């Protein structure tokens, strides 16, 4: 592994338009000692490769075609990483300019893995509701997960579980913490583009996650029970003032969480019956 080098790993599928936002944010990073590993899905049929080519002179990019799923795409990308550190991102994210610099400073203080806060944004009412919900979780170790970690730590805990579809990032986070590694957090955020979220699309995703939840539940039964509590989460009680101050978004959030609970439960039941 190359000392102080950061390997930024991004699994993608038809994500060309998102990369046009993510890659410029990497060019603007204060800390520039990094490589970008983009692991594309074989099903991609957009202009991903052409967009990546635009940044060949500005960024050191390794392009792979080994992505099958989010967890597998992250792990196979990590297999090509040369850096002492790894940062796992989604294509629809952008970084504020001080993220990598802050991560390096924290690692030099002795931390093994870091949580980076996420700020969601996008268009439409339900996107605002989702962003409002996720703002509740900033600083909450129950929900947030490590994204930046030493490559040696990633290897020691076995990396991402390739069978995991639901919460593959939280599964990795739990194993890092259980192994006793020192986990910290930075304040500079990642911005997550939710696009225009529709309630139908959101519930369809939760139904799919419910169908695959048994893998996460088998590995993390205690935390699975916590994750399954979509409505009465401690973060909501801690942020009661924010909820009271935003009645419309709060009502939308609780309507969404109730429907998500039913969608996920239905997906789980369907999967169990099929098996």
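Every read-out reported here was derived from the displayed coordinates using simple, explicitly stated rules and does not represent laboratory data. Quick caveat, the model's predicted, so the values are computed rather than measured. Heads up, the Cβs are rebuilt from the backbone with ideal geometry, glycines too, and the neighbour counts pull from every protein chain shown.
Of interest is the spacing of the C-alpha centroids, which for region 22-55 and region 131-154 amounts to 23 Å. Under a 10 Å cutoff between Cα atoms, tell me which one of 147, 177, 74 has the largest fluctuation in the Gaussian network model of the chain. Per the Cα network of the chain with a 10 Å cutoff, 177 tops the list. Under a Gaussian network description of the chain, with springs only between Cα atoms under 10 Å, the residue in 218, 15, 264 that fluctuates furthest is 218. Between residue 56 and residue 214, the C-beta separation translates, for a Förster distance of 41 Å, into a calculated FRET efficiency of about 0.45.
Which of 120, 69, 17 moves most in a GNM of the chain, Cα contacts under 10 Å? Largest GNM mean-square fluctuation: 17.
All Cα-Cα separations within the chain were binned at 10 Å from zero, giving a P(r) of 6, 27, 37, 24, 6, 0, each value a whole percent of the pairs. Per residue of the chain, the DSSP helices (runs of n ≥ 4 H) give a summed -39500 (n - 2.57) that works out to -14500 deg cm²/dmol at 222 nm.
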